[in-house]
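Working notes for the structure below.
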Amino acid sequence: MYQFRYHKPATLEEAVDCYQSAEDGIYLAGGQTLLPTMKQRLAAPSDVIDLSAIDRLTGIEVTSDEVRVGAFTRHDEVARHEGIRRRLPVLAFLAAQIGDGQVRNRGTIGGSVANSDPAADYPAAVIGLGATINTNARQIAADDYFQDLFETALEPGEIITRIDFPVPSRAAYRKFPNPASRYAVVGVLVADFDGRIRVGITGAGPCAFRGTALEVALQGNLNSAAIEGVEVPDVGFNNDLHASAEYRAHLVKVMARRAIADLVG
Amino acid sequence: MAEAIESGIGAPVRRKEDMRFITGEGRYTDDFSQRGQVYAAFLRSPYARARLDSVDASEALAMEGVLAVLTGQDMAADGFGDLPCGWTVKQKDGSDMVTAAHPPLAHSIVNYAGEPYGLVVASSVAVARRAAERVITEFTELDAVVNPALAMDSEDIHAGVVGNLCYDWELGDASATDAALAAAAHVTRLDLTNNRLIPNAMEPRAALGIYDPGTGEHTLYTTSQNPHLERLVLSAFVKVAPEHKLRVIAPDVGGGFGSKIFVYPEETAVIWAARKLRRPVKWTAERGESFLADAHGRDHVTHAQLGLDEQGRFVALKVQTTANLGAYLSLFGSSVPTYLYGTLLAGQYKTPNIHVEVHGVYTNTAPVDAYRGAGRPEATYVVERIVEIAARELGMDPVELRRRNMIQPADFPYQTPVALVYDTGDYEASLDKALQLIDYAGFPARRAAAAVAGKRRGIGLSCYIEACGLAPSKLAISLGAGVGLYESGEVRVNPTGSVTVFTGTHSHGQGHETTFAQVVAARLGVDIDDVELVHGDTGRVEFGLGTYGSRSLSVGGSAIVGALEKVIAKGRRIAAHMLETDVENIDFEEGQFRLRDSNRALSFGEVAFAAYVPADYPEDLEPGLSEKAFYDPENFTYPAGTHIAEVEVDVETGVVALVNLVAVDDFGILINPLIVHGQVHGGLAQGAGQALLEQAVYDEYGQLQTGSLMDYCIPRADDLPDFLVDTTVTPCTHNPLGAKGCGEAGAIGSPAAIMNALTDALGVNDISMPATSEKIWRALSG
């Protein structure tokens, strides 16, 4: 790790000021990606701005049609939260699959969504549930948020404050973990909003995206047979040591089928 | 006394050392520090093969806290020798293998990504690493040779090594084997790869070099499985310091699996730098450095042919292997694919004709050397995979085919066609017990039930043998070993009757402090807590060859038994004097020196005290009670057994679940079954890792693609089933403990069992290790 200046602002405004006055600043949330990267000397920020003291980033609110999760909420808290488990169990289930116990105790939802790792789990929920990303400056719709490999709609210095998930009638997530890292080789979230179907896919491409062909096939026909004929082209899919694009495309369908089976039995 | 019996031979005593380890009180190399200590960071090649044109350290040297930048050129100028290979393999034509010079720090050419060519020494680790990045090195990149199968047809990477061929070696009768194959009723052919593995001990390698300018003594703390051998090599070959001025200490070591047998560039450079700078110098590897620069394991490409007669009896086995040795010969790298591999190709069977040839080749990858099992897993993999496939081709039950060919108890001692003489065994006893444990008869029902659930279930066996207890010195030296492979033991009885035991073996997870104490406590009748084991320090232990090849108990333990017998013999003389009788009338049992047929006795403690306070003492006897022994084994030991795996494949995804793994092993007499089972569990986990998860991958440029635990998959608890582990016993016939060794068997037997089970499930003959879900999915879809 290289030397850096450490800041722990108490407010969002202070954090943004800090970022803007830094030569090469970076926000620190749970640190589960940033800190290993810095330790390997692959990242060398001049200033690390720790967001953990900012009250506005914490808290979980569960209403009848929405679950609002503060950006600094740790994965483990989402996994165990009574209200989320009752109202939006798929989110608790997804959070419980992330990394391992240590990662879930430190990692945060805001950090994960801001980082947009192609193999992270939360992006599947953000896309699949059609969440709204709230920042210190604005609201961003899920469909506009993920742009490319580690690229999002966030402007430099913009901070995610909260993520609002609409509550579907039912939803399920299936993940095919990488045996080494336990990141998603492919993860598919299928949500049913009173017959309107959304499918969020992570792991397969450079960033999370909607499985629109699958959605169309499932509209008004939510069963695994409905997607049998759907082609999942592997164009642009990730192709690496752990899985070819072709295999990932195959897994998208298998995971989708299994998620649907979870929903319809 | 009850205590001693409960801790005696065969008792599952909990490990004495574990409280220290699990409460964080273990002391590893990195835990030792000295006043004035400074830190090293290594300069490593970013290229797999390149000419080293220039090193400009001026910017690094100008940084605050930087003491020195030392390079391979500096080391060569100081008269340091190359790192030697400790085993000279003779080629087919009788010539010696072709050795490429292996300087500890590269000075003109680099031959693998991560190879060190210099080091920065600085006041802190952070400064040293930052400074290392500011050293400006100019390289001319050269084409790398990465694929061992193509190495002989590629550009020569070392001057004088034609076709990158280190050796063309053979064992067995080629013409008899060819003739028998030609006449065979059936020939099974198989092409196999044995995947390259990266050891990943929990504790990374580390070294702390200290130089005392007053006495000229060098002290090296390092992560070694064999500190005396490290000292010998550093003195005799690398010329670091004379042996009597060099002390090597291997304190608590967190795992080795073979990778800490070898003498590496880093510890060599650290002790050199300490003397040069007159400051203690420490280096501790990061995990990424371990991946790049620890010796890797396995990496064979093999073609095998098994001939059978009409009755299914094996008539000939012919094996041709290309073994990747890496960029340089590591300390024992040459012996692993030859004498530890070819000699084991008889397996448990009476195959009358066997011929093996091995091409050992250099490539621009990290050196390859012994990794848990070392040659024997590769041999077992060839034999047990081809036997299984032969059974399938002939439509025979694989169990029956094995039984028909097994060496029977009446056949021992059994001379194999590949040099070894097996002393004892009962292979069908292990096979029968394993079949029973896994409920082999119930498998068809389990397979049918799995099919109903949409899964493919398969079962597979592996009946392995290994040669342990390295090794009879004369034999090893006649085959090219540069050292004898005996062991030393010393039993020092203290005046109050407690016992300090010294062994030249080294414990880095094997539980010697407990097992050896059990041996001593049982023989002397003292409490196990009154026995302390000292190991891992050339300044305290006379000599030793260390721990590898499952040799510690059978060779090191036997040396201790020799010393114990001398202690008891002397004790009987003292007791005879004190009891006013002749030594022939004194029996020693359960800690008592007893006058036969009487109730007169002296405790071991009383006799020990008399030896140090010799008031009533024989006139012709030296005081004191401390004895040493060396033990040189007559033969290898031959642990053997049967491992059976059962797997279930998810046909949609290709994910394989290892649902059952049974191991029944014959390790001879067990001292501590709890520790033995623990060793087997660890070995099975590594075997499962090799079969299903682990693979070192280099790209075409020789860059390591699996350089972290995010990409290199070592097995975790949830990848493994509850193992069913049991033993059978035929005592080793030629050592006093009857013990054979248990450290490697799990990793030797299990990969073939798992792959036989998997290919059974899939209905294919081969799928390469590691059998990842994608490979399985492709096998199923294709």
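General remarks:
- Residues that are free of Cβ contacts under 8 Å to residues at least 60 places away in the same chain and polar (S, T, N, Q), drawn from region B:92-109: B:95, B:108
- Single residue of region A:245-265 satisfying the filter (surrounded by fewer than 18 Cβ atoms within 10 Å (Cβ to Cβ) and under 17 Å from residue B:777 (Cα atoms)) that is farthest from the other protein chains (Cβ to nearest Cβ): A:245
- Elements of type strands (runs of 3 or more DSSP E) in region A:117-212, at least 1 residues being in contact with a Leu (Cβ under 9 Å, 6 or more places away or on another chain) and crowded, with 23+ Cβ neighbours inside 10 Å: A:132-135, A:160-166, A:170-177, A:184-193, A:196-202
- Residue B:131 vs. criteria in a helix (DSSP H, G or I) and either away from chain A (no Cβ under 14 Å) or under 27 Å from residue B:57 (Cβ atoms) (or both): yes
- Residue list for region B:600-613, filter: crowded, with 17+ Cβ neighbours inside 10 Å and either outside the structural domain of residue B:555 (by TED's automatic domain parsing) or assigned to a strand (DSSP E or B) (or both): B:601, B:602
- Region B:682-702 - residue that is of a type outside the set (Gly, Ala, Ser) and buried (at least 17 other Cβ atoms within 10 Å of the Cβ) and, of those, farthest from the other protein chains (Cβ to nearest Cβ): B:684
- Residue match in region A:194-208 (condition: of a type in the set (D, E, K, R), in the same structural domain as residue A:244 (by TED's automatic domain parsing), touching a Gly at 6+ places or on another chain (Cβ under 8 Å) and farther than 25 Å from residue A:101 by Cβ): yes
- Criterion (in contact with a Leu (Cβ under 6 Å, 6 or more places away or on another chain) and more than 14 Å from chain A (Cβ to nearest Cβ)) met by exactly one of B:86, B:172: B:86
- Number of positions in region B:276-291 that are surrounded by fewer than 22 Cβ atoms within 10 Å (Cβ to Cβ) and over 26 Å from residue B:210 (Cβ atoms): 1
- Number of residues in region A:18-42 that are outside any helix (DSSP H, G or I) and within 14 Å of another protein chain (Cβ to nearest Cβ): the value is 5.
- Residue within region B:756-769 that is more than 14 Å from every other protein chain (Cβ to nearest Cβ), under 23 Å from residue A:182 (Cα atoms), touching a residue at least 12 places away in the same chain (Cβ under 8 Å) and of a type in the set (Ser, Thr, Tyr) present: yes
- Checking each residue in region B:172-207 for being in a strand (DSSP E or B) and touching an Asp or Glu at 6+ places or on another chain (Cβ under 8 Å) picks out B:186, B:188, B:190, B:191, B:192, B:194, B:197, B:206, B:207.
- Within region A:73-112, considering residues that are of a type in the set (A, V, I, L, M, F, W, C) and in contact with a Ser or Thr (Cβ under 8 Å, 6 or more places away or on another chain), the one surrounded by the most Cβ atoms within 10 Å (Cβ to Cβ): A:109
- Within region B:643-681, the set of residues being assigned to a strand (DSSP E or B), surrounded by fewer than 24 Cβ atoms within 10 Å (Cβ to Cβ) and small (Gly, Ala, Ser) comprises just one member, B:657.
- Out of B:597, B:587, B:616, B:620, sole residue that is charged (D, E, K, R), outside the structural domain of residue B:743 (by TED's automatic domain parsing), more than 30 Å from residue B:662 (Cβ to Cβ) and assigned to a strand (DSSP E or B): B:587
- Some residue of region B:676-686 being modelled with pLDDT of 95 or more and at positive phi: no
- Qualifying position, being more than 25 Å from the chain's Cα centre (by Cα), away from chain A (no Cβ under 14 Å), farther than 30 Å from residue B:321 by Cβ and modelled with pLDDT of 95 or more, among B:142, B:70, B:150: B:70
- When restricted to residues that are among the hydroxyl-bearing types (Ser, Thr, Tyr) and within 22 Å of the chain's Cα centre (by Cα), region A:208-246 contains 1.
- Only listed residue being of a type in the set (S, T, N, Q), in contact (Cβ under 8 Å) with a residue 12 or more places away in the chain and not in a loop (DSSP other than H, G, I, E, B), chosen from B:225, B:311, B:305: B:305
- Test: residue in region B:733-743 that is among the hydroxyl-bearing types (Ser, Thr, Tyr) and either crowded, with 19+ Cβ neighbours inside 10 Å or in contact with a strand residue (DSSP E or B) (Cβ under 7 Å, 6 or more places away or on another chain) (or both): no
- When residue B:57 is tested against the conditions (1) free of Cβ contacts under 8 Å to residues at least 12 places away in the same chain; (2) in the same structural domain as residue B:212 (by TED's automatic domain parsing), the lone failure is (1).
- Residue match in region B:430-452 (condition: assigned by TED's automatic domain parsing to the domain that holds residue B:724, surrounded by 22 or more Cβ atoms within 10 Å (Cβ to Cβ) and not aliphatic (A, V, I, L, M)): yes
- Criterion applied to B:639, B:633, B:623 was being under 43 Å from the mean Cα position of the chain (by Cα) and surrounded by fewer than 16 Cβ atoms within 10 Å (Cβ to Cβ), and the one residue passing it is B:623.
- Residue B:759 being in a helix (DSSP H, G or I) and either of a type in the set (Phe, Trp, Tyr) or buried (at least 21 other Cβ atoms within 10 Å of the Cβ) (or both): yes
- Residue that is farthest from residue B:694 (Cα to Cα), among those in region A:225-244 that are within 11 Å of another protein chain (Cβ to nearest Cβ) and of a type in the set (Gly, Ala, Ser): A:244
The values are calculated or read from the model by the stated rules, or taken from the named source; none is laboratory data. In this text the structure is predicted, and so the values were computed from the model without any measurement. Positions of Cβ are backbone-derived with ideal geometry, glycine not excepted, and every protein chain shown enters the neighbour counts.
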